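**Student:** Below is one structure. I have some questions about it.
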Amino acid sequence: MHLNLKGQLFNLEKPVVMGIYNVSPDSFYTESVEQVLPKTVDIIDIGGCSTRPGSTPATAEQEKERLQQGFAQLKTNYPGIPVSVDTFRPEIAHWAVTEQGAAIINDVSGGGDAMFEVVADVQVPYILTYPEGGYSSDMLFYFSKQIARLTRLGVNDIILDPGFGFGKTLEQNYEIARNLTCLQTFGLPVLVGISRKSMIQKVLGTTPQDSLLGTAMLNVLLLERGANILRVHDVPQAQQAIAIYKQLLVDSH
């Protein structure tokens, strides 16, 4: 399984880590802004507009200004590492790819005509999110419909994100997590983003700051169920989780 990142093949045969780089001051986990991502991170996901529940989205101008500063830092400090732009605005996505070098569009809104047309135009991998409430059967129906739309437009590289935490109850989040293998029916890469989210906090009675262990445990369980990309705030710990998971798969005979 590979992604075409502007002509470069990116291997997803083994799980990879996408490090979160928030340049938004109202991120729900603010420590991630100051955190230095290790140079070993596989992909960096940069976002300039918080999508946490209850937040007021930044204006397009604010988002673009924040992203511009963030891209400049990434170009200096992380040359050669693919960058994904986390935005729901088609015009920001187009600008990030064509002018800032973003190699992936990560759209938590689930897209629409305008965003899908941008993706078809710039021809980079698109992270298609299931942003609604519902169970795994609802998610499958949603993805089948949206994948068909993207395919008709000539979009080839699609990554599926179940959208943990977006519009879903605790029960719905865990039902989808339990049945994540159902997404393998599409034959597309699967990204999961559960890092320090409320679906962990509510079970453990913790804050985002105290949810690292729960995050690591759930990520391993999602790897077992077919996740290819872990989107996380804590890159080293996610890399350790992948290393242990891969060792578990080694045939000792």
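**Student:** Take the residues in region 84-115 that are in a helix (DSSP H, G or I) and polar (S, T, N, Q), then tell me which one is surrounded by the fewest Cβ atoms within 10 Å (Cβ to Cβ).
**Tutor:** If we take residues in region 84-115 being in a helix (DSSP H, G or I) and polar (S, T, N, Q), then Thr98 is surrounded by the fewest Cβ atoms within 10 Å (Cβ to Cβ).
**Student:** Another question, if that's okay. So for region 219-226 (the condition being outside any helix (DSSP H, G or I) and either in contact with a Gly (Cβ under 6 Å, 6 or more places away or on another chain) or under 27 Å from Ile147 (Cβ atoms) (or both)), does at least one residue qualify?
**Tutor:** Looking for residues that are outside any helix (DSSP H, G or I) and either in contact with a Gly (Cβ under 6 Å, 6 or more places away or on another chain) or under 27 Å from Ile147 (Cβ atoms) (or both), one finds at least one in region 219-226, hence yes.
**Student:** Would you call Leu140 modelled with pLDDT under 95, buried (at least 16 other Cβ atoms within 10 Å of the Cβ), assigned to a helix (DSSP H, G or I) and on the phi < 0 side of the Ramachandran plot?
**Tutor:** Details: modelled with pLDDT under 95: no; buried (at least 16 other Cβ atoms within 10 Å of the Cβ): yes; assigned to a helix (DSSP H, G or I): yes; on the phi < 0 side of the Ramachandran plot: yes.
Judged against the criteria, Leu140 is not a match.
**Student:** From (1) in contact (Cβ under 8 Å) with a residue 60 or more places away in the chain; (2) crowded, with 22+ Cβ neighbours inside 10 Å; (3) over 24 Å from Gln247 (Cα atoms), pick out the condition that doesn't hold for Pro208.
**Tutor:** With (1) in contact (Cβ under 8 Å) with a residue 60 or more places away in the chain; (2) crowded, with 22+ Cβ neighbours inside 10 Å; (3) over 24 Å from Gln247 (Cα atoms) applied to Pro208, the lone miss is (2).
**Student:** Can you find a residue in region 123-140 that is of a type in the set (A, V, I, L, M), within 16 Å of Ile46 (Cα to Cα) and touching a residue at least 40 places away in the same chain (Cβ under 8 Å)?
**Tutor:** Yes, region 123-140 contains a residue that is of a type in the set (A, V, I, L, M), within 16 Å of Ile46 (Cα to Cα) and touching a residue at least 40 places away in the same chain (Cβ under 8 Å).
**Student:** Quick one: in region 166-205, which of the residues that are assigned to a loop (DSSP other than H, G, I, E, B) and surrounded by 20 or more Cβ atoms within 10 Å (Cβ to Cβ) is modelled with the highest pLDDT?
**Tutor:** Residues of region 166-205 assigned to a loop (DSSP other than H, G, I, E, B): 166-169, 179, 187-189, 193-197, 205.
Right, trim to surrounded by 20 or more Cβ atoms within 10 Å (Cβ to Cβ) and you get 166, 168, 189, 193-197.
Working: Phe166: 89, Lys168: 92, Pro189: 97, Gly193: 92, Ile194: 89, Ser195: 88, Arg196: 85, Lys197: 86.
Only one residue tops the list, namely Pro189.
**Student:** Given the options Val220, Val232, Val203, name the one that is in contact (Cβ under 8 Å) with a residue 24 or more places away in the chain and within 20 Å of Ile46 (Cα to Cα).
**Tutor:** Numbers: Val220 fails: within 20 Å of Ile46 (Cα to Cα); Val203 fails: within 20 Å of Ile46 (Cα to Cα).
Among Val220, Val232, Val203, only Val232 is in contact (Cβ under 8 Å) with a residue 24 or more places away in the chain and within 20 Å of Ile46 (Cα to Cα).
**Student:** Please state which of the following conditions Ala102 fails to meet, knowing it meets all the rest: (1) modelled with pLDDT of 95 or more; (2) under 20 Å from Gly163 (Cβ atoms).
**Tutor:** Here Ala102 meets the rest and fails (2).
**Student:** Another one. Look through region 222-253, keep the residues that are farther than 21 Å from Lys39 by Cα and surrounded by 15 or more Cβ atoms within 10 Å (Cβ to Cβ), and return whichever of them is modelled with the lowest pLDDT.
**Tutor:** Tyr245
**Student:** Right, another one. Restricting attention to region 24-40, and to residues there that are surrounded by fewer than 22 Cβ atoms within 10 Å (Cβ to Cβ) and over 14 Å from Arg196 (Cβ atoms), which single residue is modelled with the highest pLDDT?
**Tutor:** Looking at residues that are surrounded by fewer than 22 Cβ atoms within 10 Å (Cβ to Cβ) and over 14 Å from Arg196 (Cβ atoms), I get Thr40.
The values are calculated or read from the model by the stated rules, or taken from the named source; none is laboratory data. On a predicted model such as this, the values are computed, not experimentally measured, just so you know. With ideal geometry, Cβ positions are generated from the backbone for all residues, glycine too; neighbour counts draw on all protein chains shown.
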